[in-house]
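The next block holds one structure in the form of structure tokens; read it before the comments.
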Amino acid sequence: MAREIAFIAALRAFADDPAARGLMDDAAVLPRPGGDLVLTHDMLVEGVHYLSGDAPADVAWKLVSVNLSDLTAKGAVPLGVLLGYAMTEDAAWDSAFAEGIGAAASALGVKLLGGDTVRMPTGAPRALGLTAIGQAPPSGAPSRAGAKAGDRLWVSGTVGDAGRGLAIRLGRAQGDAALVDRYLRPQPRLALGQALAPLVTAMADVSDGLLIDARRIAHASGCAIAIDLGAVPLSGPYVAASGADGAARITAATSGDDYELLFTAPAAMDGPVLAAAGAANVPVVPVGLCTAGEDITLTLAGEAVDLPAHLGWLHE
């Protein structure tokens, strides 16, 4: 068992408030008379979630964006963020990062409300945290746990771009600059999440990889999900760089950092789902079907495909 899974399992024993959702979700939902609050906290660590050579403004953008993406998967309207910042000896980096936080918050429509700063030991990697607070929709914040047999599994946009962009940044691959931009500057699907919230049975963002996040929905919901790799949406730049065969599709479906929305909805909701996506100007496509059973299965061109050893990103 991965250390991350084991650690969360240990926490689950006393995270017994209903707002914690059994630690099966990426956000907590706190009931309030004026409307539920959605709370989430994500961290970025230098050398783990971003590269040392990434520009401070890009790191700031990513920190804000990935937290807002968790709110997006709950259909929430962002209310504000709290920053946890670990300073190093590089004052110029600190200043550029602060400017980047301001620019990202402004561009993404959220207010910085406060936080905390600490000083890291000399030579230590930077560790950055952000807590995002949002207003849940009147219909309620979707969780990972509502998928039912017969529901379709949908995904927005395209997947695999950020993973390829990271490989390009590491010098391990070639490809269009647009792929690098998807890695450096993810775009949370805020309008789409808010439009989909009343229509879906379960929703999450693709932070760690389509396959591992689909498995999380399946496990939380107590159902199986059959995924058609041939339906997984790939961008033109990704196909130009990686191809579109089975191996390329597995790579795309196990890559993280895309921050697209992965959701389930009854077939009767196809029309409203497509209308919501059109209004948000983000394409969505069905890539699978929820069935009785457990876990996920893969097919390509009608043939069964073995699950890869790694479905996505986990802290081992």
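Residues in the stretch 138-165 that are assigned to a helix (DSSP H, G or I), open to solvent by 10 Å² or more (accessible area, probe 1.4 Å) and of a type in the set (D, E, K, R): 1 in all. Out of the residues in the stretch 166-181 meeting the condition of being without any contact (Cβ under 8 Å) to a residue 60 or more places away in the chain and among the charged types (D, E, K, R), tell me which one is most open to solvent (accessible area, probe 1.4 Å). Of everything passing the filter in the stretch 166-181, R172 is most open to solvent (accessible area, probe 1.4 Å). Say we look at the stretch 242-267 and pick out the residues that are more than 18 Å from the chain's Cα centre (by Cα) and closer than 22 Å to A73 by Cβ; which of these is least open to solvent (accessible area, probe 1.4 Å)? Here the answer is A265. Just one of the numbered conditions (1) within 20 Å of the chain's Cα centre (by Cα); (2) of a type in the set (S, T, N, Q); (3) open to solvent by less than 60 Å² (accessible area, probe 1.4 Å) is not true of N281: (3).
Any idea how many residues of the stretch 108-124 are assigned to a loop (DSSP other than H, G, I, E, B) and open to solvent by less than 70 Å² (accessible area, probe 1.4 Å)?
To start, the set of residues in the stretch 108-124 that are assigned to a loop (DSSP other than H, G, I, E, B) comprises 109-111, 120-124.
Next, from what is left, pick out any that are open to solvent by less than 70 Å² (accessible area, probe 1.4 Å): 109-110, 120, 123-124.
Going through the stretch 108-124 one residue at a time, the tally reaches 5.
Taking the condition under 17 Å from G157 (Cβ atoms) and among the hydroxyl-bearing types (S, T, Y), does S207 pass? Criteria met by S207. What are the residue pairs meeting all of these: first residue in the stretch 133-159, first residue among the aliphatic types (A, V, I, L, M), second residue open to solvent by 40 Å² or more (accessible area, probe 1.4 Å) and not in a loop (DSSP other than H, G, I, E, B), Cβ atoms under 6 Å, and 6 or more apart or on different chains? Listed by first residue and then by second, the contacts come to I133/L39; I133/L79; A149/T291. Within the stretch 115-128, residues that are touching a residue at least 60 places away in the same chain (Cβ under 8 Å) sit with their Cβ atoms under 8 Å from residues that are part of a strand (DSSP E or B) and of a type in the set (D, E), at 6+ positions apart or across chains, in these pairs: P125/E46; R126/E46; A127/E46.
A count restricted to the stretch 8-44 and to residues that are open to solvent by 70 Å² or more (accessible area, probe 1.4 Å) and not basic (K, R) stands at 11. Select from the stretch 189-233 the residues that are assigned to a strand (DSSP E or B) and hydrophobic (A, V, I, L, M, F, W, C) and write down the one among them that is most open to solvent (accessible area, probe 1.4 Å). My answer is A226.
Scanning the stretch 1-35 for residues that are under 18 Å from the mean Cα position of the chain (by Cα), modelled with pLDDT of 80 or more and not in a loop (DSSP other than H, G, I, E, B) yields A28, V29. Tell me whether the stretch 233-246 contains one or more residues that are aromatic (F, W, Y) and more than 25 Å from G278 (Cβ to Cβ). No, the stretch 233-246 has no match at all.
Every residue in the stretch 80-93 that is open to solvent by less than 40 Å² (accessible area, probe 1.4 Å) and more than 26 Å from the chain's Cα centre (by Cα), please.
Across the stretch 80-93, the qualifying residues are T88, W93.
Can you tell which of V118, V155, V110 is in contact with a Leu (Cβ under 9 Å, 6 or more places away or on another chain), of a type in the set (V, I, T) and farther than 19 Å from K62 by Cα? Exactly one residue qualifies, and that residue is V155. On the given criteria, is G47 open to solvent by 30 Å² or more (accessible area, probe 1.4 Å) and without any contact (Cβ under 8 Å) to a residue 12 or more places away in the chain? Answer is no for this residue.
State whether the residues of the stretch 284-299 include one that is in a loop (DSSP other than H, G, I, E, B), on the phi > 0 side of the Ramachandran plot and surrounded by 14 or more Cβ atoms within 10 Å (Cβ to Cβ). Yes, the stretch 284-299 contains a residue that is in a loop (DSSP other than H, G, I, E, B), on the phi > 0 side of the Ramachandran plot and surrounded by 14 or more Cβ atoms within 10 Å (Cβ to Cβ).
The values are calculated or read from the model by the stated rules, or taken from the named source; none is laboratory data. As the structure is a prediction and not an experimental result, all values here were calculated from the model. Neighbour counts are summed over all protein chains in view; Cβ atoms, including those assigned to glycine, are modelled from backbone coordinates with ideal geometry. To get the accessible areas, we keep the full protein, side chains included, count just its heavy atoms, and leave off ligands, DNA and RNA. Shrake-Rupley method; radii C 1.70, N 1.55, O 1.52, S 1.80 Å.
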